[in-house]
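*Asks:* Before I ask anything, let me first share the structure, which is written out below as structure tokens.
The values are calculated or read from the model by the stated rules, or taken from the named source; none is laboratory data. Since the model is a prediction, treat every value here as computed from it, not as a measurement. In this analysis, Cβ positions are derived from the backbone assuming ideal geometry, glycine residues included, and neighbour counts consider all displayed protein chains. Areas reflect the complete protein model, heavy atoms only, side chains present, ligands, DNA and RNA absent. Shrake-Rupley method; radii C 1.70, N 1.55, O 1.52, S 1.80 Å.
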Amino acid sequence: MPKHAPSRRMITSALPYANGPIHLGHIAGAYLPADIYVRHLRSAGEDVLWICGSDEHGAAITLRAKKEGTTPRDIVDTYHAEMQKAFEGLDISFDHYSRTSSPKHHQVAQDFFLTLLDKGAFEVKTDEQFFDEEAQQFLADRYIQGTCPSCGHDGAYGDQCEKCGKTLSPTELVNPRSTLSGSTPVLRPTTLWYLPMGRHEDWLRDYIVEGTLDGQAHHNPKEWKAHVLGQCRSWIDGGLESRAMTRDLDWGVPVPVEGADGKVLYVWLDAPIGYITSTMEWCEQNGQDWRDWWQDPSADLLHFIGKDNIVFHCIIFPILLKEHGGYNLPTNVPANEFMNLEGDKISTSRNWAVWVTEYLEDFPEGSDAMRYVLTAIMPEQKDSEFTWSDFRDKVNNELADVLGNFVNRVLVLTRKYYDGAVPAAPADDALDATDRALLETLAAAPAKVGDLITRHRYKEAQLEAMNVARLGNKYLTEQEPWKLQKTDPVRTATIMHLTCQVVGNCAVLLGPFLPQTAAKIAASFGVPDARWNDARPDLVSAGTVLGDLPILFAKIDDDTVAAQVAKLGQKGDASDSSNRDLMPAKDEITFEDFTKLDLRVGTVLECEKVPKADKLLKLVVDTGLDTRTVVSGIAEHFAPEDVVGRQVTLLINLAPRKLRGIESQGMVLMAGTDDGGLRFVTPEEGVAPGNVVS
RNA sequence: GGCGGGGUAGCUCAGCUGGUUAGAGCGCAGGAUUCAUAAUCCUGAGGUCGGGGGUUCGAGCCCCCCCCCCGCUACCA
């Protein structure tokens, strides 16, 4: 049987990468659900520790530093501070927020690496890597730019094209160039430490699919999300490849091995170890032993991440932990899917995002409102969609009208009838069926909401908590104390006593979701320190004088919505050409080099999709000289019928090459657009097939 | 093309190992009500559960085929 009651829970949220600010998608994915989970457990008196920190290594940061004429240290310091501000602004309550550039972390990561090395976890291989002869150094993936083979974008990096999102390896780039010197890099051998993941497939399959580890029940896989299990199974069944765990770079945790100068640990190795370092730091400050959290088998380990991190947290990191030995493996990885924004994917480069610190500037008291909306649309099982009009509706109709107004009407009535003091509790036999039903619901709510949170059903949990306020509204409206007050003051006191209990319980139940609002309500209703287990029908003491309570939620008007929508997609700086990922100029060539190219105008005669290839079109082109077949990777941008009849520019003396079994006898010239699109390079009128382009 | 996850009321989403008239919140329509931040409460109208076959006494849930969206992967001269 899987263990059921862990002695303590170790919680991590994905370390955010310190080269850009935090947006709502990040929050909804990995931070808000963890915060709700942890706040609930803390309130319920569970032993829980939640750590996070900035992921500050990797080539993207050094690259950005170079581009902005500053140092990596400056970059990470800036964004470390920026991200902390964002998290604090939304009341994301990490127990500890660390950073991977700290000396402590370097030490921990190196020790971890050395242990793995000792245990034979790595394979050392010598591989060909791109080397910049001018700068005299090996080039990390991010230091190589070129034309994306997928979308034709000119500024694709060696690991990924940020226009089309395609993951790449440097050797796939067309016309690779070093971003350090602009020169064309050459391949040279270098030593890399690989993690041979293939040898771990068997136990991983048991661990993921069956939830068993070393022959023992470890966790219940049915509690894992379908998309998490599906993706893991897909990877394992597809066969796991070896992955390099080191990089040739000078910013990161140095590989602690003789002769490994200029090599650092791969960020994906170094970052999750940051979870451990962060825990150690907290434990040192709080007189605890970090091993109790990471190595005591009775402790749970949960990773909150977005779906882009599933493979790392469910496969690679567990391999590392198991190879190292002594560590617990994750008992659940409740990854969320992605949140879209106003009908489109969130995109940093297009500035199609809502940045947390900007939001908080526009809505200084808006933490709870945003938390509520993000929880209500949390992408728990599929991608979801954030729109500002929906934000307005939820804030106005649910937070302000249902919750805020309910609390206010109870407060006002209590003040009007009892000078603000909660009336005495009714005698048990004075309760009618409606009262009892209300009390039963109140009594059952903490377990109900808590259970949903524990099962990572945050949307539903929040709805249930809000339903308590809804029930309060219904009860008030049906009981009509404002009428009874004149004829039956005893009954009125009963009603008002009970509604005060409803409000008090709301404060506790909504605490994990709306910490600021809950604290305000709790303070006003005399239960500022109430915890989860205190939530029950007699929470609020009779005689409590209700404190002042300002309007909890201001309504949001249409102009505000329109202003926020208008901000999307606009560059902060009009002159922000630096945001365009233009490829740097290439090495100079001679005129003679140029004349080697035989560029001609051609007319497309036929065009069809290449079977079993999503991106390839087969064109038959009249070049004037002949009719030839050209295969081009443009199927995602053009339908075959759109291409037939077009005049195109064609490189006709390129060596033929077989693509998907079809010989391509040339190359069609395309221009990439800023948004990742493609355009044909077409001559003006009056040009015939075969005419030379020069 | 392969693999994984989705496609359910106008919108955002739930629907456990198949079982009575398919649900919630919001929006919408009508009514009630006034303690309250024109708030609240009640009632109702909206779904051939992407499409088509099949298994079953019975399918949104299982099987086959097809279409669309997201992610990974192959193809990219």
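*Asks:* Enumerate the calculated ³J(HN,Hα) couplings along segment A:118-123 in order (Karplus 6.51 cos²θ - 1.76 cosθ + 1.60, θ = phi - 60°), each rounded to whole Hz, writing x wherever the residue is Gly or Pro.
*Replies:* Taking θ as phi minus 60°, the curve returns 4, 7, x, 6, 10, 10 Hz for segment A:118-123.
*Asks:* Place the peptides A:365-372, A:9-16, A:647-654, A:483-490 in order of packing, highest mean first, counting for every residue the other Cβ atoms within 10 Å and averaging per peptide.
*Replies:* Peptide ranking by packing, descending: A:9-16, A:365-372, A:647-654, A:483-490.
*Asks:* Now a separate question. Sort all Cα-Cα distances of segment A:442-537 into consecutive 5 angstrom bins from zero, then give the percent of pairs in each bin up to the one containing the longest distance.
*Replies:* The distribution over segment A:442-537 is 2, 14, 23, 22, 17, 11, 6, 3, 1, 0, given as percents.
*Asks:* Oh, and also: Determine which lysines satisfy two conditions relative to A:Lys66: a Cα distance under 23 Å, and not lying fewer than 8 residues away in the same chain.
*Replies:* Output for A:Lys66: A:Lys163, A:Lys263, A:Lys571, A:Lys586.
*Asks:* Given an 8 Å cut-off on Cα distances and at least 6 residues of separation, report the relative contact order of chain A as a percent.
*Replies:* Contact order relative to length: 14 percent.
*Asks:* Starting from segment A:642-694, pick out the trypsin sites (Lys or Arg not before Pro) whose DSSP state is loop and whose Cβ has at most 13 other Cβ atoms within 10 Å.
*Replies:* Passing sites in segment A:642-694 are A:Arg660.
*Asks:* Would you mind giving the average projected area, over all directions, of the Cα convex hull of segment A:289-385 in nm² with one decimal? Please report the intermediate quantities before stating the final value.
*Replies:* On the way: hull surface 35.6 nm².
If I average the Cα hull's projected area over directions, I get 8.9 nm².
*Asks:* Could you report chain A's accessible area per residue, 1.4 Å probe, as an integer in Å²?
*Replies:* Ligands and nucleic acids excluded, the figure is 44 Å² per residue.
*Asks:* Looking at chain A from every direction and averaging, what is the projected area of its Cα convex hull in nm²? Mind showing how you got there, number by number?
*Replies:* Details: hull surface 146.7 nm².
Result: a mean projected hull area of 36.7 nm².
*Asks:* List the residues whose amide H sits under 5 Å from the amide H of A:Asn340, counting only those 5 or more places along or on another chain, with H placed 1.01 Å from N in the peptide plane.
*Replies:* HN-HN under 5 Å from A:Asn340: A:Ser384, A:Glu385, A:Phe386.
*Asks:* Answer rounded, prolate or oblate for segment A:1-138, using the Cα gyration tensor with square roots of eigenvalues a ≥ b ≥ c: rounded when a/c is under 1.5, else prolate when a/b is larger than b/c, else oblate. Don't skip to the end; give the middle numbers.
*Replies:* Values: a/c = 2.73, a/b = 1.40, b/c = 1.95.
It comes out oblate by the Cα gyration axes.
*Asks:* Could you give each residue of segment A:516-531 its phi-based ³J(HN,Hα) in whole Hz, using Karplus coefficients 6.51, -1.76, 1.60 with θ = phi - 60°, and x for Gly or Pro?
*Replies:* 6, 4, 4, 5, 5, 5, 4, 5, 5, 9, x, 10, x, 10, 5, 10
*Asks:* Using θ = phi - 60° and the Karplus form 6.51 cos²θ - 1.76 cosθ + 1.60, what ³J(HN,Hα) does each residue of segment A:440-457 get, whole Hz, x for Gly and Pro?
*Replies:* Using θ = phi - 60°, the values come out as 5, 4, 4, 5, 8, 4, x, 5, 5, 5, x, 5, 5, 5, 4, 8, 6, 9 Hz.
*Asks:* Please list A:Phe386, A:Phe138, A:Phe591 from largest to smallest accessible area, probe radius 1.4 Å, with all protein chains kept in place.
*Replies:* Listed by decreasing accessible area, they come as A:Phe591, A:Phe138, A:Phe386.
*Asks:* Tell me the net charge near A:Asp401. Cut-off is 14 Å between Cβ atoms, A:Asp401 excluded, with +1 for each Lys or Arg and -1 for each Asp or Glu.
*Replies:* Around A:Asp401, the surrounding residues sum to +4.
*Asks:* In addition: How many angstrom separate the Cα center of segment A:532-571 from the Cα center of segment A:595-651?
*Replies:* 59 Å
*Asks:* Could you tell me which of rounded, prolate or oblate describes segment A:379-455, using a ≥ b ≥ c as the square roots of the eigenvalues of the alpha-carbon gyration tensor, with rounded for a/c under 1.5 and, failing that, prolate when a/b is larger than b/c and oblate otherwise?
*Replies:* Judged from the Cα gyration tensor, segment A:379-455 comes out oblate (a/c at least 1.5, b/c at or above a/b).
*Asks:* If you wrap a convex hull around the Cα atoms of segment A:281-325, how much volume per residue is inside, in Å³? If you can, show how the numbers build up before the last one.
*Replies:* Details: hull volume 4.4 nm³, N = 45.
Value for segment A:281-325: 97 Å³ per residue.
*Asks:* Right, another one. Any idea what log10 I(q)/I(0) is at q = 0.35 Å⁻¹ for segment A:462-502, Debye with uniform C-alpha scatterers and no solvent?
*Replies:* Values returned for q = 0.35 Å⁻¹ are -1.14.
*Asks:* Just need the relative contact order of segment A:349-488 here, percent rounded to a whole number, with Cα pairs under 8 Å and 6+ apart. Walk me through the numbers before you get to the answer.
*Replies:* Values: 57 pairs, mean separation 37.2, N = 140.
Computed over segment A:349-488, the figure is 27 percent.
*Asks:* Which shape class, rounded, prolate or oblate, goes with segment A:580-694 when its Cα gyration tensor gives a ≥ b ≥ c as root eigenvalues, a/c under 1.5 marks rounded, and past that a/b bigger than b/c marks prolate?
*Replies:* rounded
*Asks:* Can you pull the accessible area of A:Trp268 for me, 1.4 Å probe, Å² to the nearest 10?
*Replies:* 80 Å²
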